[in-house]
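Novice: Let me begin by handing over the structure; questions about it come next.
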Amino acid sequence: MSDKQNSKNFIKRFAIAVLVLLVFIGAVVYAFDPFYHYHKPWFGMKAVLNDKEYQCVGTLRNFDYDALLVGSSVMENNDNSWYNDAYGVKAIKAIRSYGATADLCYLLDVAYEEHDLKYVFYNIDPSSLYGEAETTYESTGCPMYLYDSNPFNDIQYLYNKDVLFEKIPYAVANSFMGDYNENLSYNWAKWKNFGSDMALGLYFRPTEVKEMLSEDAYLDKVNANIELLTAQVEAHPETEFIFFYPPYSMLWWDMSLREGEKDAIIRCEKEMTKALLSYDNVRIFCFQGEKEVTTNLDNYMDTIHFSPEINRLMLDHIIAGEYEMTMDNYEEMLDEVSAFADDVVNDYILPYEKDGLLNYASEEE
(Lines give C-alpha, C1' and ligand atoms only; values in the text may rest on other atoms or scores of the structure.)
Protein backbone atom coordinates (compact mmCIF):
# COMPACT_ATOMS: atom_id res chain seq x y z
CA MET A 1 0.00 0.00 0.00
CA SER A 2 1.34 3.37 -0.95
CA ASP A 3 2.23 6.10 1.53
CA LYS A 4 -0.47 8.24 -0.05
CA GLN A 5 -3.10 5.58 0.60
CA ASN A 6 -1.87 5.12 4.17
CA SER A 7 -2.19 8.84 4.75
CA LYS A 8 -5.74 8.87 3.41
CA ASN A 9 -6.71 5.94 5.64
CA PHE A 10 -5.16 7.63 8.68
CA ILE A 11 -7.01 10.86 8.01
CA LYS A 12 -10.24 8.93 7.52
CA ARG A 13 -9.81 6.96 10.77
CA PHE A 14 -8.83 10.13 12.62
CA ALA A 15 -11.88 11.99 11.33
CA ILE A 16 -14.15 9.11 12.33
CA ALA A 17 -12.56 8.97 15.79
CA VAL A 18 -13.04 12.71 16.26
CA LEU A 19 -16.65 12.49 15.12
CA VAL A 20 -17.35 9.57 17.47
CA LEU A 21 -15.74 11.48 20.33
CA LEU A 22 -17.80 14.58 19.61
CA VAL A 23 -21.01 12.57 19.45
CA PHE A 24 -20.10 10.84 22.70
CA ILE A 25 -19.34 14.09 24.53
CA GLY A 26 -22.54 15.74 23.30
CA ALA A 27 -24.54 12.66 24.29
CA VAL A 28 -23.04 12.63 27.78
CA VAL A 29 -23.87 16.30 28.35
CA TYR A 30 -27.36 15.82 26.91
CA ALA A 31 -28.04 12.77 29.07
CA PHE A 32 -26.81 14.24 32.37
CA ASP A 33 -27.89 17.80 31.48
CA PRO A 34 -26.77 19.56 34.69
CA PHE A 35 -28.47 22.80 33.61
CA TYR A 36 -31.73 20.96 32.78
CA HIS A 37 -31.80 22.62 29.38
CA TYR A 38 -33.32 19.57 27.69
CA HIS A 39 -35.08 17.55 30.37
CA LYS A 40 -35.59 16.95 34.07
CA PRO A 41 -33.11 14.63 35.86
CA TRP A 42 -32.61 11.12 34.49
CA PHE A 43 -30.98 7.97 35.95
CA GLY A 44 -32.52 8.54 39.38
CA MET A 45 -30.48 11.69 39.89
CA LYS A 46 -31.61 14.58 42.07
CA ALA A 47 -32.26 18.09 40.82
CA VAL A 48 -29.06 19.71 42.07
CA LEU A 49 -29.76 23.42 41.82
CA ASN A 50 -27.05 25.85 42.85
CA ASP A 51 -26.52 28.07 39.80
CA LYS A 52 -29.69 30.00 39.03
CA GLU A 53 -28.43 31.96 36.03
CA TYR A 54 -27.67 28.67 34.28
CA GLN A 55 -30.39 26.41 35.67
CA CYS A 56 -33.51 28.44 36.44
CA VAL A 57 -34.90 28.74 32.92
CA GLY A 58 -34.33 25.05 32.21
CA THR A 59 -36.18 23.96 35.35
CA LEU A 60 -39.09 26.26 34.53
CA ARG A 61 -39.41 24.67 31.10
CA ASN A 62 -38.86 21.03 31.98
CA PHE A 63 -39.76 20.30 35.61
CA ASP A 64 -43.14 19.29 37.01
CA TYR A 65 -44.66 21.92 39.28
CA ASP A 66 -47.81 23.95 39.89
CA ALA A 67 -46.49 26.74 42.13
CA LEU A 68 -43.56 29.15 42.03
CA LEU A 69 -41.47 30.95 44.62
CA VAL A 70 -40.46 34.11 42.79
CA GLY A 71 -37.99 36.75 43.83
CA SER A 72 -34.45 37.82 44.51
CA SER A 73 -31.71 36.24 46.62
CA VAL A 74 -33.77 36.77 49.78
CA MET A 75 -36.15 34.09 48.46
CA GLU A 76 -33.46 31.48 47.96
CA ASN A 77 -33.34 30.31 51.56
CA ASN A 78 -36.91 29.08 51.50
CA ASP A 79 -37.45 25.35 51.77
CA ASN A 80 -39.83 24.47 48.94
CA SER A 81 -41.41 21.75 51.07
CA TRP A 82 -42.78 24.38 53.45
CA TYR A 83 -45.01 25.65 50.67
CA ASN A 84 -45.78 22.17 49.34
CA ASP A 85 -47.06 21.07 52.73
CA ALA A 86 -48.94 24.28 53.51
CA TYR A 87 -50.72 24.66 50.16
CA GLY A 88 -50.80 21.16 48.71
CA VAL A 89 -48.63 22.08 45.72
CA LYS A 90 -45.37 21.17 44.02
CA ALA A 91 -43.27 24.34 44.12
CA ILE A 92 -39.98 25.30 42.52
CA LYS A 93 -38.08 28.57 42.55
CA ALA A 94 -37.90 31.27 39.88
CA ILE A 95 -35.01 33.42 41.10
CA ARG A 96 -33.12 36.43 39.81
CA SER A 97 -30.49 37.89 42.14
CA TYR A 98 -31.48 41.50 41.53
CA GLY A 99 -35.21 40.79 41.74
CA ALA A 100 -35.92 43.23 38.92
CA THR A 101 -39.59 43.20 37.94
CA ALA A 102 -38.93 42.71 34.22
CA ASP A 103 -36.58 39.79 34.88
CA LEU A 104 -39.05 38.06 37.18
CA CYS A 105 -41.91 38.61 34.74
CA TYR A 106 -39.72 37.03 32.06
CA LEU A 107 -39.39 33.94 34.27
CA LEU A 108 -43.14 33.90 34.79
CA ASP A 109 -43.66 33.97 31.03
CA VAL A 110 -41.34 30.98 30.66
CA ALA A 111 -43.22 29.07 33.36
CA TYR A 112 -46.62 29.74 31.84
CA GLU A 113 -45.49 28.44 28.43
CA GLU A 114 -46.17 24.84 29.49
CA HIS A 115 -47.52 24.99 33.05
CA ASP A 116 -50.72 25.93 34.84
CA LEU A 117 -49.95 27.51 38.18
CA LYS A 118 -52.11 27.37 41.28
CA TYR A 119 -49.97 29.78 43.28
CA VAL A 120 -47.24 32.34 42.74
CA PHE A 121 -45.48 33.46 45.92
CA TYR A 122 -43.72 36.66 44.91
CA ASN A 123 -41.21 38.64 46.98
CA ILE A 124 -41.31 42.36 46.13
CA ASP A 125 -37.97 44.03 46.76
CA PRO A 126 -38.36 47.81 47.11
CA SER A 127 -35.59 48.46 44.58
CA SER A 128 -37.51 46.45 41.98
CA LEU A 129 -40.27 49.04 42.02
CA TYR A 130 -38.13 51.86 40.69
CA GLY A 131 -35.65 49.86 38.62
CA GLU A 132 -35.73 49.97 34.84
CA ALA A 133 -38.64 47.99 33.41
CA GLU A 134 -36.38 46.05 31.04
CA THR A 135 -34.80 42.61 31.35
CA THR A 136 -31.15 42.52 32.34
CA TYR A 137 -30.16 38.95 31.46
CA GLU A 138 -28.22 39.73 28.32
CA SER A 139 -26.68 42.96 29.59
CA THR A 140 -25.32 41.20 32.70
CA GLY A 141 -23.70 38.37 30.76
CA CYS A 142 -26.13 35.53 31.36
CA PRO A 143 -25.70 32.50 29.05
CA MET A 144 -28.40 33.38 26.52
CA TYR A 145 -27.91 30.07 24.67
CA LEU A 146 -29.72 28.52 27.63
CA TYR A 147 -32.53 31.07 27.47
CA ASP A 148 -33.43 31.09 23.80
CA SER A 149 -34.85 28.29 21.64
CA ASN A 150 -32.05 28.24 19.09
CA PRO A 151 -30.59 24.69 18.94
CA PHE A 152 -27.54 25.80 16.97
CA ASN A 153 -25.95 27.83 19.75
CA ASP A 154 -26.32 24.90 22.17
CA ILE A 155 -22.82 23.92 21.07
CA GLN A 156 -21.63 26.30 23.80
CA TYR A 157 -23.32 23.98 26.31
CA LEU A 158 -22.79 20.56 24.75
CA TYR A 159 -19.06 21.08 24.27
CA ASN A 160 -18.11 22.92 27.43
CA LYS A 161 -15.25 21.53 29.49
CA ASP A 162 -16.58 23.07 32.71
CA VAL A 163 -19.91 21.33 32.18
CA LEU A 164 -18.22 18.02 31.35
CA PHE A 165 -15.55 17.96 34.05
CA GLU A 166 -17.11 20.04 36.84
CA LYS A 167 -20.88 20.41 36.62
CA ILE A 168 -21.75 16.82 35.74
CA PRO A 169 -19.48 15.25 38.40
CA TYR A 170 -20.85 17.71 40.97
CA ALA A 171 -24.43 16.76 40.13
CA VAL A 172 -23.63 13.04 40.25
CA ALA A 173 -21.81 13.35 43.58
CA ASN A 174 -24.64 15.31 45.20
CA SER A 175 -27.23 12.89 43.84
CA PHE A 176 -25.69 9.64 45.01
CA MET A 177 -23.00 10.33 47.61
CA GLY A 178 -24.32 13.25 49.64
CA ASP A 179 -27.42 14.24 51.58
CA TYR A 180 -28.44 16.97 49.13
CA ASN A 181 -32.01 18.20 49.69
CA GLU A 182 -33.76 19.16 46.45
CA ASN A 183 -36.14 21.46 48.32
CA LEU A 184 -33.22 23.72 49.27
CA SER A 185 -32.58 24.80 45.70
CA TYR A 186 -30.23 27.78 45.35
CA ASN A 187 -29.98 27.96 49.14
CA TRP A 188 -26.89 29.82 50.29
CA ALA A 189 -27.49 30.13 54.05
CA LYS A 190 -25.41 27.13 55.09
CA TRP A 191 -22.28 28.89 53.82
CA LYS A 192 -23.00 32.17 55.59
CA ASN A 193 -22.87 33.54 59.11
CA PHE A 194 -25.62 35.69 60.53
CA GLY A 195 -25.17 38.16 63.35
CA SER A 196 -24.88 41.82 64.25
CA ASP A 197 -21.11 41.80 63.67
CA MET A 198 -21.63 40.55 60.12
CA ALA A 199 -24.45 42.98 59.36
CA LEU A 200 -22.64 45.99 60.80
CA GLY A 201 -19.38 45.02 59.14
CA LEU A 202 -21.01 45.05 55.72
CA TYR A 203 -22.91 48.30 56.19
CA PHE A 204 -21.08 51.43 55.08
CA ARG A 205 -23.26 54.28 56.25
CA PRO A 206 -23.48 57.26 53.92
CA THR A 207 -21.54 60.10 55.52
CA GLU A 208 -23.82 62.78 54.10
CA VAL A 209 -27.53 63.02 54.85
CA LYS A 210 -29.04 64.07 51.54
CA GLU A 211 -32.15 66.15 51.06
CA MET A 212 -35.23 63.97 50.85
CA LEU A 213 -36.42 63.36 47.31
CA SER A 214 -39.94 64.25 46.32
CA GLU A 215 -42.21 61.30 47.00
CA ASP A 216 -43.13 61.17 43.30
CA ALA A 217 -39.48 61.08 42.15
CA TYR A 218 -39.79 57.51 40.88
CA LEU A 219 -43.40 57.52 39.70
CA ASP A 220 -42.59 57.04 36.02
CA LYS A 221 -40.47 53.99 36.79
CA VAL A 222 -42.87 52.40 39.24
CA ASN A 223 -45.76 52.87 36.80
CA ALA A 224 -43.79 51.00 34.13
CA ASN A 225 -43.17 48.14 36.56
CA ILE A 226 -46.80 48.18 37.65
CA GLU A 227 -47.79 47.58 34.03
CA LEU A 228 -45.52 44.55 33.83
CA LEU A 229 -46.71 42.95 37.03
CA THR A 230 -50.40 43.65 36.70
CA ALA A 231 -50.27 42.22 33.16
CA GLN A 232 -49.16 38.90 34.68
CA VAL A 233 -51.93 38.95 37.27
CA GLU A 234 -54.57 39.91 34.74
CA ALA A 235 -53.48 37.29 32.20
CA HIS A 236 -53.69 34.46 34.73
CA PRO A 237 -56.86 34.75 36.81
CA GLU A 238 -56.62 31.03 37.61
CA THR A 239 -53.47 31.68 39.65
CA GLU A 240 -53.53 33.08 43.17
CA PHE A 241 -50.71 35.59 43.51
CA ILE A 242 -49.39 36.10 47.03
CA PHE A 243 -47.05 39.07 47.15
CA PHE A 244 -45.06 40.23 50.14
CA TYR A 245 -42.63 42.95 51.12
CA PRO A 246 -39.71 41.37 53.03
CA PRO A 247 -38.28 42.63 56.35
CA TYR A 248 -35.05 44.36 55.41
CA SER A 249 -32.97 45.29 58.43
CA MET A 250 -33.13 48.66 60.12
CA LEU A 251 -29.72 49.40 58.57
CA TRP A 252 -31.31 49.45 55.14
CA TRP A 253 -33.91 51.94 56.28
CA ASP A 254 -31.19 54.08 57.85
CA MET A 255 -29.42 54.09 54.48
CA SER A 256 -32.59 54.90 52.53
CA LEU A 257 -33.26 57.90 54.73
CA ARG A 258 -29.67 59.19 54.61
CA GLU A 259 -29.74 58.81 50.81
CA GLY A 260 -32.98 60.79 50.70
CA GLU A 261 -35.00 57.97 49.11
CA LYS A 262 -37.32 56.85 51.88
CA ASP A 263 -40.39 58.91 50.96
CA ALA A 264 -40.11 58.01 47.27
CA ILE A 265 -39.78 54.30 48.14
CA ILE A 266 -42.87 54.36 50.33
CA ARG A 267 -44.81 56.11 47.56
CA CYS A 268 -43.73 53.42 45.08
CA GLU A 269 -44.95 50.72 47.44
CA LYS A 270 -48.29 52.46 47.84
CA GLU A 271 -48.75 52.72 44.08
CA MET A 272 -47.81 49.10 43.43
CA THR A 273 -49.94 47.82 46.31
CA LYS A 274 -52.99 49.77 45.22
CA ALA A 275 -52.67 48.53 41.64
CA LEU A 276 -52.26 44.88 42.62
CA LEU A 277 -55.04 44.87 45.19
CA SER A 278 -57.54 45.80 42.50
CA TYR A 279 -57.40 42.15 41.34
CA ASP A 280 -59.40 39.39 43.00
CA ASN A 281 -56.58 36.83 42.64
CA VAL A 282 -54.08 38.87 44.66
CA ARG A 283 -53.12 38.96 48.33
CA ILE A 284 -50.32 41.14 49.70
CA PHE A 285 -48.45 40.99 53.01
CA CYS A 286 -46.05 43.55 54.48
CA PHE A 287 -43.28 42.55 56.91
CA GLN A 288 -41.16 45.68 56.62
CA GLY A 289 -42.24 47.14 59.93
CA GLU A 290 -41.93 43.96 62.00
CA LYS A 291 -39.65 45.53 64.58
CA GLU A 292 -38.72 42.36 66.46
CA VAL A 293 -37.13 41.10 63.26
CA THR A 294 -35.76 44.23 61.63
CA THR A 295 -34.12 45.72 64.73
CA ASN A 296 -32.46 42.45 65.75
CA LEU A 297 -29.32 42.46 63.64
CA ASP A 298 -28.54 38.88 64.65
CA ASN A 299 -31.11 37.91 62.01
CA TYR A 300 -28.97 39.35 59.19
CA MET A 301 -25.69 38.88 57.34
CA ASP A 302 -25.85 42.36 55.77
CA THR A 303 -28.42 45.13 55.41
CA ILE A 304 -31.05 43.00 53.63
CA HIS A 305 -30.24 39.27 53.70
CA PHE A 306 -31.84 37.45 56.59
CA SER A 307 -31.62 33.89 57.90
CA PRO A 308 -33.90 31.02 56.78
CA GLU A 309 -35.75 31.30 60.07
CA ILE A 310 -37.12 34.64 58.88
CA ASN A 311 -38.23 33.07 55.59
CA ARG A 312 -40.15 30.49 57.61
CA LEU A 313 -41.57 33.17 59.91
CA MET A 314 -42.97 35.12 56.94
CA LEU A 315 -44.66 32.01 55.58
CA ASP A 316 -46.20 31.25 58.97
CA HIS A 317 -47.64 34.77 59.08
CA ILE A 318 -49.00 34.40 55.55
CA ILE A 319 -50.65 31.10 56.41
CA ALA A 320 -52.21 32.73 59.48
CA GLY A 321 -53.36 35.75 57.45
CA GLU A 322 -51.27 38.16 59.54
CA TYR A 323 -49.75 41.41 58.25
CA GLU A 324 -52.10 41.30 55.25
CA MET A 325 -52.69 44.46 53.28
CA THR A 326 -56.13 45.44 51.99
CA MET A 327 -57.57 48.43 50.20
CA ASP A 328 -58.75 49.65 53.59
CA ASN A 329 -55.44 49.42 55.44
CA TYR A 330 -52.52 49.46 52.97
CA GLU A 331 -51.85 53.20 53.22
CA GLU A 332 -51.93 53.10 57.00
CA MET A 333 -49.60 50.08 57.07
CA LEU A 334 -47.08 51.76 54.79
CA ASP A 335 -47.31 55.00 56.75
CA GLU A 336 -46.36 52.90 59.77
CA VAL A 337 -43.35 51.54 57.85
CA SER A 338 -42.34 55.12 57.05
CA ALA A 339 -42.68 56.07 60.72
CA PHE A 340 -40.59 53.04 61.66
CA ALA A 341 -37.83 54.23 59.31
CA ASP A 342 -37.86 57.57 61.11
CA ASP A 343 -37.67 55.75 64.46
CA VAL A 344 -34.60 53.88 63.21
CA VAL A 345 -32.54 57.06 62.76
CA ASN A 346 -34.01 58.82 65.79
CA ASP A 347 -33.87 55.91 68.21
CA TYR A 348 -32.90 52.36 67.25
CA ILE A 349 -29.55 53.13 65.63
CA LEU A 350 -28.36 55.68 68.20
CA PRO A 351 -26.73 53.10 70.52
CA TYR A 352 -24.67 51.81 67.58
CA GLU A 353 -23.61 55.39 66.81
CA LYS A 354 -22.73 56.04 70.43
CA ASP A 355 -20.61 52.90 70.70
CA GLY A 356 -18.79 53.62 67.42
CA LEU A 357 -20.04 50.44 65.76
CA LEU A 358 -20.97 52.00 62.43
CA ASN A 359 -18.65 52.13 59.44
CA TYR A 360 -18.93 55.18 57.20
CA ALA A 361 -18.53 55.35 53.46
CA SER A 362 -15.45 57.27 52.32
CA GLU A 363 -15.71 60.49 50.40
CA GLU A 364 -14.64 58.66 47.22
CA GLU A 365 -17.47 56.15 47.58
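Novice: Compare Leu21, Leu313, Leu228 in a GNM of the chain, Cα atoms joined below 10 Å, and give the one with the largest fluctuation.
Specialist: Residue with maximal mean-square fluctuation among Leu21, Leu313, Leu228: Leu21.
Novice: Leaving out ligands and nucleic acids, and using a 1.4 Å probe, what accessible area per residue does the stretch 1-116 come to in Å²?
Specialist: 46
Novice: Could I ask something else about it? Rounded to whole Å and sorted largest first, what semi-axes of the equivalent ellipsoid does the C-alpha gyration tensor of the stretch 207-365 yield via the square root of 5 times each eigenvalue?
Specialist: Working from the Cα gyration tensor, I get semi-axes of 29, 20, 13 Å.
Novice: Okay, next question. Gaussian network model of the chain, Cα springs within a sub-10 Å range: biggest mean-square fluctuation belongs to which of Asp263, Asp179, Asp33?
Specialist: Ranking Asp263, Asp179, Asp33 by mean-square fluctuation puts Asp179 first.
Novice: Quick one: Debye curve from the alpha-carbon atoms of the stretch 264-358 only, equal weights, vacuum; give me log10 I(q)/I(0) at q = 0.14, 0.16, 0.22 Å⁻¹ to two decimals.
Specialist: Each listed q corresponds, in turn, to -0.62, -0.79, -1.24.
Novice: Would you be so kind as to identify all helices of the chain, as entire DSSP H runs, whose Cα atoms reach 30 Å or more along the helix's own axis and whose mean Kyte-Doolittle hydropathy is at least 0.0?
Specialist: Span-like helices here: 3-32.
Novice: Using a 10 angstrom cutoff on alpha carbons, build the Gaussian network for the chain and name the most mobile of Phe63, Phe43, Phe340.
Specialist: It is Phe43.
Novice: Counting only heavy atoms of protein chains, what accessible area per residue, in Å², does the stretch 118-168 have with a probe of 1.4 Å?
Specialist: Solvent-accessible surface per residue comes out at 52 Å².
Novice: Another question, then. For the chain, give the magnitude of the charge dipole about the Cα centre (Cβ charges: +1 Lys/Arg, -1 Asp/Glu; no others), in debye to the nearest 20.
Specialist: For this selection, approximately 2580 debye.
Novice: What dipole magnitude, in Debye to the nearest 20, does the stretch 125-165 give about its Cα centre under +1 on Lys/Arg Cβ and -1 on Asp/Glu Cβ?
Specialist: 220
Novice: Take the solvent-accessible surface of the protein heavy atoms, probe 1.4 Å, and return the percent of it on the stretch 276-365 that carbon and sulfur atoms account for.
Specialist: 43
Novice: Indicate, rounded to the nearest 5 percent, the antiparallel portion of the DSSP beta bridges found entirely in the chain.
Specialist: Roughly 10 percent of the beta bridges in the chain run antiparallel, per DSSP.
Novice: Per-residue ellipticity at 222 nm for the chain, helices alone: DSSP H runs ≥ 4 residues times -39500 (n - 2.57), over residue total, nearest 500 deg cm²/dmol?
Specialist: Only helices count here, giving -13500 deg cm²/dmol.
Novice: How high is the relative contact order of the chain? Use alpha-carbon pairs under 8 Å, at least six apart in sequence, and give a whole percent.
Specialist: About 19 percent, as a whole number.
Novice: Whenever you get a sec, compute what percent of the accessible area on the stretch 1-124 sits on carbon and sulfur atoms (1.4 Å probe).
Specialist: Of the solvent-accessible surface of the stretch 1-124, carbon and sulfur hold 60 percent.
Novice: How long are the semi-axes of the ellipsoid equivalent to the stretch 24-102, from square roots of 5 times the Cα gyration tensor eigenvalues, in whole Å, largest first?
Specialist: Result for the stretch 24-102: semi-axes of 24, 16, 10 Å.
Novice: Around His39, which amide H atoms from residues at least 5 apart in sequence, or from another chain, sit under 5 Å from its own amide H, with H modelled in the peptide plane?
Specialist: Residues meeting the criterion, in which the H sits 1.01 Å from N, do not exist here.
Novice: Okay, moving on. Using +1 at the C-beta of Lys and Arg and -1 at the C-beta of Asp and Glu, which of Leu60, Asn80, Met45 has the Cα lying farthest in the positive direction of the dipole of the stretch 1-85?
Specialist: Positive-end residue among those listed: Met45.
Novice: Among Lys291/Lys354; Lys210/Lys274; Lys262/Lys291; Lys40/Lys161; Lys93/Lys262, which pairs are too far apart, with a Cα-Cα distance over 19 Å?
Specialist: Lys291/Lys354; Lys210/Lys274; Lys40/Lys161; Lys93/Lys262
Novice: Take the alpha-carbon positions of the chain, form their convex hull, and give its projected area averaged over all directions (one quarter of the hull surface) in nm².
Specialist: Mean orientational projected area (the chain, Cα hull): 23.8 nm².
Novice: List, in the order given, every pair from Lys52/Lys118; Lys90/Lys221; Lys118/Lys190 whose Cα-Cα distance in the structure shown is over 32 Å.
Specialist: Result: Lys90/Lys221 exceed 32 Å.
Novice: Going by Cα centres, the stretch 14-35 and the stretch 299-341 are how many Å apart?
Specialist: The two parts, judged by their Cα centres, are 50 Å apart.
Novice: Shifting gears a bit: Which of Ile155, Asn346, Leu202 sits farthest toward the positive end of the charge dipole of the chain, with +1 on the Cβ of Lys and Arg and -1 on the Cβ of Asp and Glu?
Specialist: The one lying farthest along the dipole's positive direction is Ile155.
The values are calculated or read from the model by the stated rules, or taken from the named source; none is laboratory data. These figures come from a predicted structure and were not determined experimentally. When we count neighbours, we look across all protein chains shown, and the Cβ atoms used for this are built from the backbone with ideal geometry, even at glycine. What goes into the accessible areas is simple: the full protein's heavy atoms, side chains included, and nothing from ligands, DNA or RNA. Shrake-Rupley method; radii C 1.70, N 1.55, O 1.52, S 1.80 Å.
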